[in-house]
Amino acid sequence: MYHSVNFSLPDPINPSQYRWEKNSYSDFHLVSDGRPVISMPSPVTNYIEVPGASGRLDMSESLTNYPLYSDREGSLEFIVLNDYGPGETWADRYQYIARHIHGRRLELSLEDDPDYFYEGRFAVSGWESPSDGGNSTISIDYTLDTYKYWQRLVERTISVSGATTSMSFSYDNLTLGTMPTVPTFVVRNVTSDITITVTNPELLIHNAQHVVNHAATYQFQDIVLSDMDRCNSCSVSIAGSGTVDILIRNGDL
């Protein structure tokens, strides 16, 4: 079994579509040197030396109450199949791969992990041909966003007419990942003020509240959804009269 990788270029005009998609095996004729695994992001830490005290103060989560991470950095190694087409040379193959990948910001998905995709910038860092005439190898470096994203966008609709309607979000029902994310609220059919309230003790968010009185798309930076420790305690309450669509882009480590 070939463990292939998909590279995709999102369309800037319609982000839900791709300008092109290329598979490392079927399009580039590359075979992964083992199962491809994307590197974990390094934790961002902040230790403070205290004169006259043993050890250091760990202030890494003092501002967020959850861990922070750097970008994911690493390299993917592939073996180049020698099935060049008629008139094609190794240089043609190398140029074709570089034209689609080198220096570009792309989405990457692993066929071994199809529910997620990564996003970041790639670089073709080298091509090596052995002296014994065997298969060449190619290296593709990457710098990716901290979290891998779920392929699907989570959507929930709440319709209210006077009484308050509440909805919980958790990891267990696959509506939240560990990535802190600011949801998008699409408000429709407003006939009286709509109050949106979010509670997430895990992120020290206690009843963050906003009132909207007309149909529009909203994002409130003090409303953050996440289930860092799968605490099942994040809830959204909607009061008023109208319809609210909640759109969530989730991510995980």
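Here is how the number arises for the chain: DSSP H runs of 4 or more residues each give -39500 (n - 2.57), the sum is divided by the residue count, and the result at 222 nm is -1500 deg cm²/dmol.
With just the Cα atoms defining each centre, how far is the range 56-133 from the range 185-253? Give it in Å. Centre-to-centre distance over Cα atoms comes out at 36 Å.
Among the trypsin sites (Lys or Arg not before Pro) in the range 174-253, those placed in a DSSP loop whose Cβ has at most 13 other Cβ atoms within 10 Å are R230. Okay, which of the range 98-122 sit inside 19 Å, backbone N to the point 7 Å along the Cα-Cβ direction of E21? What the label zone holds, given the 19 Å backbone N cut-off, is 100-101, 105-120.
The ranking of I101, I194, I48 by Cβ neighbour count inside 10 Å, starting from the fewest, reads I48, I101, I194.
Modelled spin-label separation between M59 and D141, with each label point placed 7 Å from Cα along the Cα-to-Cβ direction: 3.3 nm.
In the chain, the longest principal axis of the Cα atoms and the axis of helix 90-101 are about 10 degrees apart.
This ranking places F117, F78 by how few other beta-carbon atoms lie within 10 Å of each, fewest first, which gives F117, F78. The average projected area of the chain, computed from the convex hull of its Cα atoms over all directions, is 19.7 nm².
Of all the C-alpha pairs in the range 5-147, what % are more than 24 Å from each other? The calculated P(r) of the range 5-147 puts 45 percent of pairs beyond 24 Å.
For the peptides 52-62, 200-210, 130-140, residues were scored by their other Cβ atoms within 10 Å and the scores averaged per peptide; the highest-first order is 200-210, 130-140, 52-62.
FYI, it's all coordinate maths here, none of it is from the lab. Predicted model, so just to flag it, every value in this text is computed and none were measured. Reconstructed Cβ throughout: ideal geometry from the backbone, glycine too, with neighbour counts over all protein chains shown.
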